[in-house]
1. By a straight-distance test (C-alpha under 26 Å), which lysines pair with K12 as possible cross-link partners, with residues fewer than eight away in the same chain excluded?
2. With a 1.4 Å probe and every protein chain kept in, tell me what percent of the accessible surface of the chain is carbon plus sulfur.
3. How many nm separate the modelled label positions at Q46 and D15, each set 7 Å beyond the Cα in the direction of the Cβ?
4. Taking 7 Å along the Cα-to-C-beta vector as the label spot, tell me the K30-E100 distance in nanometres, rounded to one decimal.
5. With springs connecting C-alpha atoms under 10 Å apart, model the chain as a Gaussian network and identify which of A19, A51, A27 has the largest mean-square fluctuation.
6. What nm distance separates the two modelled labels at Y90 and K53, each placed 7 Å from Cα along Cα→Cβ?
7. Remind me, relative contact order of the chain in percent, using alpha carbon pairs under 8 angstrom and six or more residues apart?
8. Select from segment 1-84 those GluC sites (Glu not before Pro) which occupy a DSSP coil region and have at most 16 other Cβ atoms within 10 Å, ordered by residue number.
Amino acid sequence: MLEEFEKGIFLKATDEESAKITGSVRAFPKGGRVLVSKLMVHPDFQNRGIAKKLLAEVENIFTGKEYYLFTALKSEKNIALYTKIGYKRYGTKLMPDGIEIVFMEKK
């Protein structure tokens, strides 16, 4: 786990009133690319723009890069958000557990 902290960034969003963590994301740069992973928002705080702000901050930190992420094909709300902010689908893969993954990029 410590290696992950050394290779990338971890961002969190917090609720100002309660100081609770409301969302988080990880990003790992490699050359001109950034892998965005484990973007999550607490269910009580969804649909408030938190995921969009976290992704924007990743892009602010790693300016001028290509961004890559993946999500389950059935995660329609996630795919809609990513598409809305400029990500495009470039592939899918059926995982051994039967879940189909969609890969997206933003250049």
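The values are calculated or read from the model by the stated rules, or taken from the named source; none is laboratory data. Please read these numbers as outputs of a predicted model, since none were measured by experiment. Cβ sites come from the backbone with ideal geometry, for glycine too, and all protein chains shown count toward neighbours. When the accessible area is computed, the model is the full protein with side chains, heavy atoms only, and any ligands, DNA or RNA have been set aside. Shrake-Rupley method; radii C 1.70, N 1.55, O 1.52, S 1.80 Å.
1. Of all the lysines, those that pass the test against K12 - Cα under 26 Å, at least 8 places apart if same chain - are K20, K30, K38, K52, K53, K65, K74, K77, K84, K88, K106, K107.
2. 53
3. About 1.6 nm separates the two model spin labels.
4. Label-label distance for K30 and E100, simple model: 2.6 nm.
5. Among A19, A51, A27, the largest mean-square fluctuation in the Gaussian network model of the chain belongs to A19.
6. My value for the distance between the label points is 3.0 nm.
7. Worked out over the chain, it gives 19 percent.
8. In loop regions of segment 1-84 (DSSP not H, G, I, E or B), the sparsely surrounded GluC sites (Glu not before Pro) are E16, E17.
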